[in-house]
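Here's the structure, in C-alpha cells; my notes come after.
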Amino acid sequence: MDAQMTKRLQLAQKIYADTSKLTASDLLSNEDYECERAEFLRLATQHRKQRRLRLNPDLNLVFETRFTAWLQIQEELRWLTRPTERDIDEVLTRCNLLVPRPNQLTATLLIDGGDNPTALYWVECVAANALNVELRLSGRVLHGTSQESSAGVLATVHTFVFQPIRACGPASEIIWGDTAVQHAAPLSAMTRHVLTRDLIPASNPNCFVAPTTGRMGLAKSVRSNTGVGPPSLALPKYPALRVVMACEPEKSGNNP
C-alpha cells in the first residue's frame with residue numbers, strides 16, 4: 001500500500017471514529033477533495049454496500065456513518081464553485097442528521113420503483129407514520145424512528161434513527177412492515193459485524209477492512225412465525241391510508 005493510499009485510509013478512519021458532529025474544520029477544500037475523490041468514492045461504495053439492506057423490491061435501508069455523512073457534504077459542496085460560509089453551514093446542518101450518536105444507528109430509507117403501486121403505497125405508509133422497523137442486533141432491539149418532524153410529507157428518501165429500547169435474544173435480524181403485516185429476515189454475518197462495530201465507532205480501528213467471512217446484505221433464508229413472514233412480491237392488500245397531499249422536492253441524494 002503506497003503512502004498516499006495510507007493517508008486516505010487514515011483520514012477516512014479518523015472521520016468515521018469521531019463521534020462529534022462534523023464541522024467545517026473536518027472538510028477538505030473542493031480542490032483537495034477533487035484530487036482524492038475517486039478513492040474516497042471507492043471506499044464509500046464498499047462502506048455502504050456492507051450496510052445496505054434490501055427489504056423488498058421497493059425498500060432499501062442504508063445504514064450511515066460519520067464517514068458517509070462527510071462524503072455527502074463533500075459531494076454537495078463540490079458543485080459550488082465558491083461555497084460561502086452560509087452554504088457550508090446549511091449542508092453541515094442537514095447532513096449531520098446522518099451522524100449517529102454512540103450506541104445508536106442512523107439509516108437512510110430509499111423507496112425505489114417509481115410510480116408502481118407498491119412503491120407509492122410505501123411512500124404513503126411512511127408519510128402516515130405507519131411503517132414499523134426494528135433491528136435486533138447483539139442482544140438488543142433498536143427501534144427505528146423517522147427524523148422528519150413534519151408527518152405527512154410524501155417523499156422517497158427518509159432518515160431513520162435506531163435507538164436501543166430493550167434486550168432480546170441472540171438472533172440478529174431486521175423486522176419491518178405496516179400496521180397490518182410484519183416481515184423479518186436475518187442479517188448476514190457481514191452486516192451483523194459492521195453494524196455491531198458501528199454502535200461504538202471509536203472502538204473499531206479497522207472499519208475499512210472487510211471481514212473475511214460472511215455475506216453482505218440480508219441472508220437468503222427468512223424465518224416465519226405468527227405475524228411474521230417473508231416479504232411478498234405481489235401488491236399487498238393493506239388497508240388504505242388516508243394521506244392526500246402534494247409532494248415536496250427532494251433535498252439531497254444519497255448515492256456517491
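Looking at this structure, is Leu9 touching a residue at least 40 places away in the same chain (Cβ under 8 Å) and either within 24 Å of Thr145 (Cα to Cα) or of a type in the set (Phe, Trp, Tyr) (or both)?
Numbers: touching a residue at least 40 places away in the same chain (Cβ under 8 Å): yes; either within 24 Å of Thr145 (Cα to Cα) or of a type in the set (Phe, Trp, Tyr) (or both): no.
Criteria not met by Leu9.
For segment 126-150, what are the residues that are in contact (Cβ under 8 Å) with a residue 40 or more places away in the chain, of a type outside the set (A, V, I, L, M, F, W, C) and part of a loop (DSSP other than H, G, I, E, B)? The answer is Ser138, Gln147.
Within segment 68-82, restricting attention to residues that are within 27 Å of Gln13 (Cβ to Cβ) and of a type in the set (D, E, K, R), the residue that is surrounded by the most Cβ atoms within 10 Å (Cβ to Cβ) is Glu75. Among the residues of segment 179-221, those identified as under 23 Å from Leu59 (Cα atoms), among the small types (Gly, Ala, Ser) and either at pLDDT below 90 or assigned to a loop (DSSP other than H, G, I, E, B) (or both) are Ala180, Ser188, Gly214, Gly217, Ala219, Ser221. Report yes if Thr65 is β-branched (Val, Ile, Thr), surrounded by fewer than 22 Cβ atoms within 10 Å (Cβ to Cβ) and in contact (Cβ under 8 Å) with a residue 12 or more places away in the chain, otherwise no. No; evaluated as a whole, the condition is false for this residue.
When you scan segment 83-91, do you find a residue that is over 29 Å from Gln10 (Cβ atoms), among the β-branched types (Val, Ile, Thr) and in contact with an Asp or Glu (Cβ under 7 Å, 6 or more places away or on another chain), even just one? No.
Do we have Leu92 as assigned to a strand (DSSP E or B), modelled with pLDDT of 95 or more and of a type outside the set (D, E, K, R) here? Criteria not met by Leu92.
Could you grab me the full set of residues in segment 20-71 that are touching a Lys or Arg at 6+ places or on another chain (Cβ under 8 Å) and β-branched (Val, Ile, Thr)?
Applying the first criterion (touching a Lys or Arg at 6+ places or on another chain (Cβ under 8 Å)) to segment 20-71 yields 22, 30, 33-34, 36-37, 39-40, 43, 60-65, 68.
If the condition is that a residue be touching a Lys or Arg at 6+ places or on another chain (Cβ under 8 Å) and β-branched (Val, Ile, Thr), then Val62, Thr65, Thr68 are the ones that fit.
Being over 22 Å from Leu43 (Cα atoms) and within 20 Å of the chain's Cα centre (by Cα) is the requirement here; does Val62 meet it? So that I can check it myself, show each step before the final result.
Values: over 22 Å from Leu43 (Cα atoms): no; within 20 Å of the chain's Cα centre (by Cα): yes.
For Val62, the condition - over 22 Å from Leu43 (Cα atoms) and within 20 Å of the chain's Cα centre (by Cα) - is not met.
On the given criteria, is Leu97 surrounded by 14 or more Cβ atoms within 10 Å (Cβ to Cβ) and touching a Pro at 6+ places or on another chain (Cβ under 7 Å)? Taking the combined requirement at face value, the residue does not satisfy it. Candidates are the residues of segment 19-47 that are surrounded by fewer than 16 Cβ atoms within 10 Å (Cβ to Cβ) and touching a helix residue (DSSP H, G or I) at 6+ places or on another chain (Cβ under 6 Å); the one that is nearest to Asp89 (Cα to Cα) is Ala24.
The values are calculated or read from the model by the stated rules, or taken from the named source; none is laboratory data. Computed from a predicted structure; not experimentally measured. Every residue, glycine among them, receives a Cβ derived from its backbone with ideal geometry; neighbour counts consider all protein chains shown.
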